[in-house]
Amino acid sequence: MPTFGHLREIVTTDHAALLALWQRTPGIQVRDEDAYQPFCAYLARNPGLSLLIEEGGQPIACLMAGHDGRRGYLQHLVVDEAWRGRGLATRLLDEVLRRLAALGIHKSHVFVLRDAPEALAFWQGRAGWGRRQDIEVFSTRAVGA
C-alpha cells in the first residue's frame with residue numbers, strides 16, 4: 001500500500017488545526033480537556049507519543065497517546081474523511097504502540113463512544129483488540145474545575 005503524508009510528533013502549535021479536525025469528525029467529542037492548555041500539558045507529560053500525518057502542511061490524521069507507567073491510553077484516532085481507507089489509522093496506531101512498547105508499556109486501552117459506529121467497527125475488526133466485558137468506566141471532574 002502506498003504511503004501518504006508525512007508522519008511526525010504533534011506539537012503545541014498543531015492545536016488549532018487538530019481541534020478543527022476533531023470538530024468536523026463524527027464520533028469524536030470535543031471536551032474542555034481538548035482546550036489549548038490541557039492539550040499542551042498532555043503533550044508535555046507524554047513526549048513523543050502523540051502523532052499526526054500531514055499532507056500539504058495540514059493534518060489529515062492524528063492519534064493522541066499517553067501512559068500512566070503501566071498502561072497506554074489512546075485518544076482521538078482520527079483520519080479526515082477524504083483520506084480514509086489508505087491505512088493511515090493503522091500506520092499511526094502501529095507507530096504509537098511501538099513507541100509505547102519501547103517505554104515498557106505493553107498493554108493499552110482506548111475508549112470508544114457507543115454512538116460512533118465507524119470507530120466501533122475499526123476497533124472491533126482490529127486484531128489483538130478486544131471489547132472488555134468485565135469493567136465499566138466511571139468519570140468525574142475535580143471539585144472547582
Exercise. Restricting to segment 108-127, what's the tally of residues that are within 15 Å of the chain's Cα centre (by Cα), over 26 Å from Arg70 (Cβ atoms) and part of a loop (DSSP other than H, G, I, E, B)?
Worked result: 1
Exercise. Here are some residues: Leu49, Leu92. Which one is within 30 Å of Gln133 (Cβ to Cβ), in contact (Cβ under 8 Å) with a residue 60 or more places away in the chain and crowded, with 19+ Cβ neighbours inside 10 Å?
Worked result: Leu92
Exercise. Could you list, in sequence order, the residues of segment 34-46 that are out of contact with any helix residue (DSSP H, G or I) (no Cβ under 8 Å at 6 or more places or on another chain), touching a residue at least 12 places away in the same chain (Cβ under 8 Å) and surrounded by fewer than 18 Cβ atoms within 10 Å (Cβ to Cβ)?
Worked result: Arg45
Exercise. Given the conditions (1) more than 16 Å from the chain's Cα centre (by Cα); (2) under 26 Å from Thr13 (Cα atoms); (3) part of a loop (DSSP other than H, G, I, E, B); (4) at pLDDT 80 or above, which single one is not true for Ala82?
Worked result: (3)
For this session: Read through the list (1) surrounded by 10 or more Cβ atoms within 10 Å (Cβ to Cβ); (2) closer than 21 Å to Pro38 by Cβ; (3) modelled with pLDDT of 95 or more, then give the number of the only condition that Gly69 fails.
Result: (1)
Exercise. How many residues are surrounded by fewer than 10 Cβ atoms within 10 Å (Cβ to Cβ) and in contact with a helix residue (DSSP H, G or I) (Cβ under 9 Å, 6 or more places away or on another chain) if we restrict to segment 113-129?
Worked result: 1
Problem set entry | Residue that is in contact with a helix residue (DSSP H, G or I) (Cβ under 9 Å, 6 or more places away or on another chain) and acidic (Asp, Glu), where the choices are Glu95, Glu54 | Glu54
Exercise. Which of the following residues is in contact (Cβ under 8 Å) with a residue 60 or more places away in the chain and small (Gly, Ala, Ser): Ala119, Ala82, Ala61?
Worked result: Ala119
Problem set entry | Qualifying residues in segment 24-33 (those that are surrounded by 12 or more Cβ atoms within 10 Å (Cβ to Cβ) and free of Cβ contacts under 8 Å to residues at least 24 places away in the same chain) - the one nearest to Ile60 (Cα to Cα) | Val30
Exercise. Can you name the residue in segment 1-23 that is at pLDDT 95 or above and part of a loop (DSSP other than H, G, I, E, B) and, of all such residues, is surrounded by the fewest Cβ atoms within 10 Å (Cβ to Cβ)?
Worked result: Val11
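The values are calculated or read from the model by the stated rules, or taken from the named source; none is laboratory data. Predicted model only: the values in this text are computed from it and were never measured. So basically every Cβ, Gly included, is an ideal-geometry build from the backbone, and we count neighbours across all protein chains shown.
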